[in-house]
Amino acid sequence: MRQLLTKKKALIAAGLVIVAAILAFSARKQRTTASQYFTAQVESGPLRKVVNATGVVQTVVTVQVGSQISGQVEELYADFNSIVKRGQLLAKLDPRNFQAQVENAQASVAAARARVRSAEADQRTQVANMQSARANLEAARVARDNTAILFQRASELNKSGVASRNDYDNAKANADSAEAKFEQAQATIAQVEAQTNASAAQLEQARAQLQQAEADLARAKLNLEYCNIYSPVDGVVISRNIDVGQTIAASLQSPTLFTIANDLTRMQVNANIDEADIGNISDQADVRFTVDAYPNEGFRGRISEIRLNPQTVQNVVTYSVILGIDNPEMKLKPGMTANITIIVDQRNNVLKVPNASLRYTPPGIQRQEFRAERTPALASETESEEAPRFAQKGEIPPARLAPGQKWDPSQKIKFSAPKRVVQRPGVVFVLDAQEKPQPRKVLLGITDGSATEVISGEIKPGDAIILGDSAQTAQAPAGATAPPFFPGFGGRGGGGGRGRGN
């Protein structure tokens, strides 16, 4: 009985193994026969390498018109979108307070002028007194000298007994009196001189007060003129921040009343370019952009400035690139978002393959097996093909020179560096006559994000290269999509591809 049970278990186990093998073979066969390749033909055509960015449309020159005084808005003479000329009246503040200040300053000037005239008259009086005092001093000196001589003579005559004692005493008294008058005249001179100096100081003070009063008057008149707000430039009013009756306080900083764009026919776009792309940008690059207001219309620009100051936001470094724009129809408005495409390099009539073909690897094959280094033959072929395209000695290709422009060695970095292309090897897979995928080594050039230039390699126009297969698509995670259809590339896609060989 135990032997029968053991035999029965062995038969059941063998049956299960056979069923599992049949199911596995069936699934493998179904998976193999159901798989199809998605292919596209290798084509020749133009290819562009671009840098995409966004920016903001701005005016080249924007002037903020403010007020240098505080006051209440009395009149407005400009509004949004008003076209204004330099010196045109835009607004007017209530001038009554400032007019009163002017009148007060005028009165102060008049009073200061009166003080100056009074000081000048006093100065003239003191000058006359000084002249009189000097004359008196001279007369006293003469009288002193004369009486001194007479006294000397009387003294000698008195000693000889010719003159009487009375004559001697009279001569001495006259000499003493003349000496006293001379000393008094000297004191008067000192006093008058001090008064004259004081009068001169008062005159200088009065004149300084007059200058101060005149300066206050000029300031009051200037503040009165500031009641009228004028446009400093020709342009268009793009912003008005005041209304009639509004009080403006300019005590701390000048408030912005109007914003005037100098010229809306010339605009600029400020674009932030990632540091990884800034090395490809030059002022010779072709720039195109669109705005949301005109999604079906393209605009062109030119790089006018690449600013060296970096901007770092969340560890991302960017550089500001300024684009100059002609806006003759004034369709572009300040503040619009520009979707920018900067063409940093382009090719005409080159071999190109979809980027999906460069990412595809058939099941069971390691792509690293085919990432061989450039062979000497491949390198030689590439250099001969690229010689007309790149300047081997750093010189500018003739096509990049403007009419009449001559080669200048100093332009080597400016023109050559941005155009240098990093070449790299790659592998694509094609279907042979037995519908088997075969690897083809290629040397790749520039890419536009969907297709890549083939500089040289083992493919030619018309070859069917593999983009993917249905087996990998079926095994893709939920939400994944099949290889997309590439505009500009022929070939079969989806279920229309070739069946996978057994």
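A compact table of results
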{"read-out": "Conditions (1) at pLDDT 85 or above; (2) of a type in the set (A, V, I, L, M, F, W, C); (3) in a helix (DSSP H, G or I); (4) out of contact with any helix residue (DSSP H, G or I) (no Cβ under 6 Å at 6 or more places or on another chain): number failed by Ala91", "value": "(3)"}
{"read-out": "Only one of Glu43, Glu103 that is more than 18 Å from Ala250 (Cβ to Cβ) and surrounded by 17 or more Cβ atoms within 10 Å (Cβ to Cβ)", "value": "Glu43"}
{"read-out": "Members of segment 197-206 that are over 60 Å from the mean Cα position of the chain (by Cα) and surrounded by fewer than 18 Cβ atoms within 10 Å (Cβ to Cβ)", "value": "Asn197, Ala198"}
{"read-out": "Any pair with Cβ under 8 angstrom, 6 or more apart, that starts in segment 81-106 at a residue that is touching a residue at least 24 places away in the same chain (Cβ under 8 Å) and farther than 23 Å from Ser70 by Cβ and ends at one that is part of a loop (DSSP other than H, G, I, E, B) and charged (D, E, K, R)", "value": "Val84/Asp234; Lys85/Asp234; Arg86/Asp234"}
{"read-out": "Number of the exception - Phe489 against (1) surrounded by 13 or more Cβ atoms within 10 Å (Cβ to Cβ); (2) at pLDDT 85 or above; (3) touching an Asp or Glu at 6+ places or on another chain (Cβ under 7 Å); (4) part of a loop (DSSP other than H, G, I, E, B)", "value": "(2)"}
{"read-out": "Yes/no for Ala218 being in a helix (DSSP H, G or I), within 60 Å of the chain's Cα centre (by Cα) and either under 30 Å from Lys85 (Cβ atoms) or in contact (Cβ under 8 Å) with a residue 12 or more places away in the chain (or both)", "value": "yes"}
{"read-out": "Residue within segment 117-133 that is within 30 Å of Ala338 (Cα to Cα) and surrounded by 15 or more Cβ atoms within 10 Å (Cβ to Cβ) present", "value": "no"}
{"read-out": "Any hit, segment 229-245, residues being among the hydrophobic types (A, V, I, L, M, F, W, C), surrounded by 15 or more Cβ atoms within 10 Å (Cβ to Cβ) and closer than 26 Å to Gln131 by Cα", "value": "no"}
{"read-out": "Test: residue in segment 427-439 that is assigned to a strand (DSSP E or B), under 15 Å from Lys49 (Cβ atoms) and either at pLDDT 85 or above or more than 36 Å from the chain's Cα centre (by Cα) (or both)", "value": "no"}
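The values are calculated or read from the model by the stated rules, or taken from the named source; none is laboratory data. Note that the coordinates shown come from a computational prediction; the quantities given were computed from them, not determined experimentally. Here Cβ is always computed from backbone atoms with ideal geometry, including for glycine, and neighbour counts include all displayed protein chains.
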